[in-house]
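Visitor: Dropping the structure in here first, questions after.
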Amino acid sequence: MKRTDTGDLQNINNLSIDPKYNWLFRYKLYHLPFWFLYHYLWWTLTIGSPSQAMHNIFHSVYSIKYCFYVVFQAIGVYFNLYYLIPRFLEKGHYVRYLTFLLATVLLTAGLIVPGYYVSAWISDLTFAELYKRDPQKFTYFFQVNTLPSTMASITLGMSVKLAKNWIQARRREQALEKEKLETELKFLKSQINPHFLFNTINSIFVLIHKNPQMASESLAKFSDLLRYQLYECNEHEIPLDQELNYLGNFIELQELRQDHNYIELSVAMEEPESPNLSIAPFVLIPFIENAFKHVSQEKGMANWIRIKLQFDNDQLQFTISNSVAAQSTVSPEFMKANGIGLKNVKRRLDLMYPGEHELVIQHGGDKFNVHLRIRLHEREVPESAMSMLIKSM
């Protein structure tokens, strides 16, 4: 399967951008109107008049001071985003990062203050006439005007950058989880137990001479089972009735190759109340396969498998238990299931049904028991042409 990386995600994101505006995003020129709008809004909040703020920016000497704010705060913000954060914050050097960040804020705010003096020098007014302040009050403009504005702009830039990084990381994580599930499902489909195949085919071959009718039915079930594994379960969730039909065929074929003199099989599977429920494929079969693989088969003792499947609205209750031989309690290999194994089934359940399932596995004495509860999802049923016509009327 093709690997998903940052470049792929970036390409996916770029698909939604109109090609005629691609240059605007490639060279990040959209930052220019952003900073213009940001400082315009800041100035509007300061003087309380949008029209007056616009006039000051374009038709007065205050535009010099405005340019100092835009240029130096943009430099401070980008220096923090593209140098300080990657070099210190992302590497865990928190004390050094905070030190350099504080120095950047103070230096940026200090470099903006001369904009007040430059604008007064260019104008025909004195500094006191233009700003109603003594030109010696350098610290006043620093503390009241440039420092708060600089802190706000750097904080805003950090917030946007960190939020963007979090969204990208979340998308990458979701893409990797989706790829992992797809890979795992394809691996599971490819892991058709050769031992199961050989014994089932051999059992059907024997039946051809003893009971041709039963052999024909078993071969049909075997064909349905293989078709389902290879072609009919390519989605993350499939119709529940397809999975139940697959389980039934699997159990009947397993029963065909078991010795009925030694093993008692009890199966109770209810029909779901809703016909539109869906389920992730292959989340139940590993437990059934595990029971048939590890059931005790000793003479002189009770050998049994009990399977029970119930539904309560959208809640699936699945219980399976089997007898085990005494030596299995000390075998380190006993807890390993065929195929992807019980451990990977738990992981698939965590990914597919987070907070919507409960799995309890008990192994003690001469019994192995599994209880699984899943809240199933409703699948979307395509509307018929008639219903769509009625809605449009």
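The values are calculated or read from the model by the stated rules, or taken from the named source; none is laboratory data. On a predicted model such as this, the values are computed, not experimentally measured, just so you know. Note: accessible area is taken over every heavy atom of the protein model, side chains too, but ligands, DNA and RNA are not part of it. Shrake-Rupley method; radii C 1.70, N 1.55, O 1.52, S 1.80 Å.
Visitor: Keeping every protein chain in place, order HIS294, HIS93 by accessible area at 1.4 Å, biggest value first, i.e. largest first. Intermediate results must be reported in sequence, preceding the final value.
Guide: On the way: HIS294 30, HIS93 75 Å².
Per-residue accessible area, sorted high to low, gives HIS93, HIS294.
Visitor: For the pairs LYS65/LYS132; LYS178/LYS343; LYS178/LYS221; LYS91/LYS161; LYS180/LYS221; LYS65/LYS91, flag any whose C-alpha to C-alpha distance is greater than 26 Å. Walk me through the intermediate numbers first.
Guide: Working: LYS65/LYS132 15 Å; LYS178/LYS343 18 Å; LYS178/LYS221 31 Å; LYS91/LYS161 16 Å; LYS180/LYS221 30 Å; LYS65/LYS91 37 Å.
Too far apart for the 26 Å limit: LYS178/LYS221; LYS180/LYS221; LYS65/LYS91.
Visitor: Roll a 1.4 angstrom probe over the protein heavy atoms and tell me the percent of accessible area of the stretch 92-138 that is carbon or sulfur. Walk me through the numbers before you get to the answer.
Guide: Details: 2090 of 3050 Å².
Carbon plus sulfur share of accessible area: 68 percent.
Visitor: Note down, for the stretch 42-90, the three equivalent ellipsoid semi-axes (square root of 5 times each alpha carbon gyration tensor eigenvalue), biggest first, whole angstrom. Let's see the in-between values first.
Guide: On the way: eigenvalues 193, 28, 6 Å².
Gyration-tensor ellipsoid for the stretch 42-90: 31, 12, 6 Å.
Visitor: At what distance in angstrom do the alpha carbon centres of the stretch 241-255 and the stretch 61-138 lie from each other?
Guide: Rounded to whole Å, the Cα centres lie 72 Å apart.
Visitor: At a 1.4 Å probe radius, which order do PHE36, PHE318, PHE100 fall into by accessible area, largest first? Let's see the in-between values first.
Guide: Working: PHE36 70, PHE318 5, PHE100 90 Å².
Heavy-atom accessible area, descending, gives PHE100, PHE36, PHE318.
Visitor: Top to bottom by accessible area (1.4 Å), largest first, where do TYR131, TYR228, TYR82 land?
Guide: Details: TYR131 30, TYR228 10, TYR82 115 Å².
Largest accessible area first, the list is TYR82, TYR131, TYR228.
Visitor: Restricting things to Cα coordinates, could you compute the convex hull volume per residue of the stretch 227-313 in Å³?
Guide: Numbers: hull volume 8.4 nm³, N = 87.
Spread over its residues, the Cα hull of the stretch 227-313 gives 97 Å³ apiece.
Visitor: Then there is this: Tell me, what is the 1.4 Å probe accessible area of ARG306, in Å² to the nearest 10?
Guide: 110
Visitor: Here is a follow-up. I'd like the accessible area for LEU32: 1.4 Å probe, protein heavy atoms, all chains in place, Å² to the nearest 10.
Guide: Here the accessible area works out near 120 Å².
Visitor: Rolling a 1.4 angstrom probe over the protein chains, ignoring ligands and nucleic acids, what is the accessible area of PHE142 in square angstrom, nearest 10?
Guide: Only protein atoms counted, so the area is about 40 Å².
Visitor: For the stretch 47-164, compute Rh as the Kirkwood radius over C-alpha pairs and then the Stokes-Einstein diffusion coefficient at 4 °C and 1.567 mPa s; write the answer in µm²/s, rounded to an integer. Show your work: numbers first, answer last.
Guide: Values: Rh = 15.5 Å.
This corresponds to a translational diffusion coefficient of 83 µm²/s.
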